[in-house]
Every structure is written in structure tokens, then in C-alpha cells.
1. State which residue is surrounded by the fewest Cβ atoms within 10 Å (Cβ to Cβ) when the search covers only the range 132-154 and only residues that are under 11 Å from A86 (Cβ atoms) and of a type in the set (A, V, I, L, M).
2. Do we find that M146 is modelled with pLDDT of 95 or more and either away from the ligand (no atom under 16 Å from the Cβ) or among the aliphatic types (A, V, I, L, M) (or both) in this structure?
3. Could you say whether any residue in the range 19-36 is in a strand (DSSP E or B) and either modelled with pLDDT under 50 or surrounded by fewer than 17 Cβ atoms within 10 Å (Cβ to Cβ) (or both)?
4. Based on what the data block shows, is T113 under 17 Å from the mean Cα position of the chain (by Cα), surrounded by fewer than 17 Cβ atoms within 10 Å (Cβ to Cβ), of a type outside the set (K, R) and farther than 19 Å from V159 by Cα?
5. From the list F165, F138, which residue is of a type in the set (F, W, Y) and within 15 Å of the ligand (Cβ to nearest atom)?
6. Might you check whether a residue that is in a strand (DSSP E or B), of a type in the set (K, R) and within 12 Å of the ligand (Cβ to nearest atom) occurs anywhere in the range 85-98?
7. The conditions are (1) at pLDDT below 95; (2) within 13 Å of the ligand (Cβ to nearest atom); (3) not aromatic (F, W, Y), and L109 fails exactly one of them. Which is it?
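The values are calculated or read from the model by the stated rules, or taken from the named source; none is laboratory data. Quantities reported herein were computed from a predicted structural model and do not represent experimental measurements. So basically every Cβ, Gly included, is an ideal-geometry build from the backbone, and we count neighbours across all protein chains shown.
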Amino acid sequence: MRLALISSAALLLTACGGAEDETVMTADHGAMDHASMDHGDMSHAPADEALAPLPDDGVLPVVTVSAAWMRPHPQGRDVTAAYFTAALAEGSVDRLVSASIQGASSVELHGHTMNDQGMMQMRAVGPQTLAAGETLVFMPGGLHLMVFGLEPVVDGDVVDGVLVFERSGEIPVRFAVGLSAPEAD
Ligand SMILES: [Cu+2]
């Protein structure tokens, strides 16, 4: 994983900004001033720093995923972003460690952070903890799945993927391609 992150860093510098730029520009995030975004200076976290394994409380977590969607590819790009909401139906804690999407060459967990010049930057992040009673929300302007090398998708397409959790394992997810999050059900 470390090798993949490092080798894709150069690609990210040029390719990564595009899809998420689009996302931020069209999402209604008042606090997200596009002018203050600086993807050109993106830095990458050591995403796979060793984390202590989650304690085994004897209950296998059950993860539910809703509102899974993916933005259509920006014209001429092979990178886009995908989102979802995850929660625990059973168990006390789990951790999202990685994701994959059918047909994509790679998928990374990304987040936005404010740098010391007050600019938003996108960067790869490590595993994301999900505790009982909470939701893990991937949404425009925040955490997102960065999807590389997928054949361009358009509004109305459906793409299958997998979220990999440390304890509950592989959770199949179906992403609806569209310009905004699907209506909650
Ligand atoms: Cu990204």
C-alpha cells in the first residue's frame, strides 16, 4: 500500500484536483471557498502508519452503508470521487481501512485539511474509525473516495465497489452515479 501511495503521488498532483474541484464547486458548501483551494500543493499523509488493532469486544460489527454515490467523470479525466454514509448496526467499533471499485485501477481515502496558510488541501488519509451511534460520512468537501483509472461513468450509471473494514471485512456497496447525493430513504 505504501508503495502504491508513493508511486501515485506524482499523478495525484496533476490529476487529483480535477474531480474534487468539480465536486467542491458544485456542492453547496458555503464555507468552501473555491478560490482558497490549493490542490497544486497537495501533500500526502503517511496513510499506513501503524495503528493498534481494534480491541476485540466479542461482538462482530455489522456495518450498514447508505447514500452511496459517485460523481460523473469530469470531461477528459479518469479520476472522480465517490461518497457514502456508513454506520454500525451491531458492535461497538470498526475501522474503514480501504476501498475498491470494480474497474478502477485504484481507490484512495482522501480528506481535506486546512494548511497553515489557510488553504484547503486534499490529501490521502489513513483508516477511518466508525463507532457505534456515530456515522462515517464521506461527502463533497470532506472525506471522499478518490477513484482512479475507471472508465468514464455518466449520470444514471451504477458502479459496484467494496469497502474494507478492519473487523467486519468486505462490505459490498453499489454507487449510483449522479451530480448529488441520492435522496435518503
Ligand atoms: Cu481526492
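1. Step one: of the range 132-154, the residues under 11 Å from A86 (Cβ atoms) are 134-138, 143.
Checking which are of a type in the set (A, V, I, L, M) leaves us with 136-137, 143.
Values: L136: 21, V137: 14, L143: 18.
Per the stated criteria, the residue is V137.
2. For M146, the condition - modelled with pLDDT of 95 or more and either away from the ligand (no atom under 16 Å from the Cβ) or among the aliphatic types (A, V, I, L, M) (or both) - is met.
3. Start the filter on the range 19-36 by keeping residues that are in a strand (DSSP E or B), which leaves none.
No, there is no match, as no residue in the range 19-36 is in a strand (DSSP E or B) and either modelled with pLDDT under 50 or surrounded by fewer than 17 Cβ atoms within 10 Å (Cβ to Cβ) (or both).
4. Judged against the criteria, T113 is a match.
5. On the way: F165 fails: within 15 Å of the ligand (Cβ to nearest atom).
Going through F165, F138 in turn, just one is of a type in the set (F, W, Y) and within 15 Å of the ligand (Cβ to nearest atom): F138.
6. Filtering the range 85-98 for residues in a strand (DSSP E or B) gives 85-90, 93-98.
Checking the rest, the ones that are also of a type in the set (K, R) come to 95.
Next, from what is left, pick out any that are within 12 Å of the ligand (Cβ to nearest atom): none.
So far as the range 85-98 goes, no, none of its residues is in a strand (DSSP E or B), of a type in the set (K, R) and within 12 Å of the ligand (Cβ to nearest atom).
7. The failed condition is (1).
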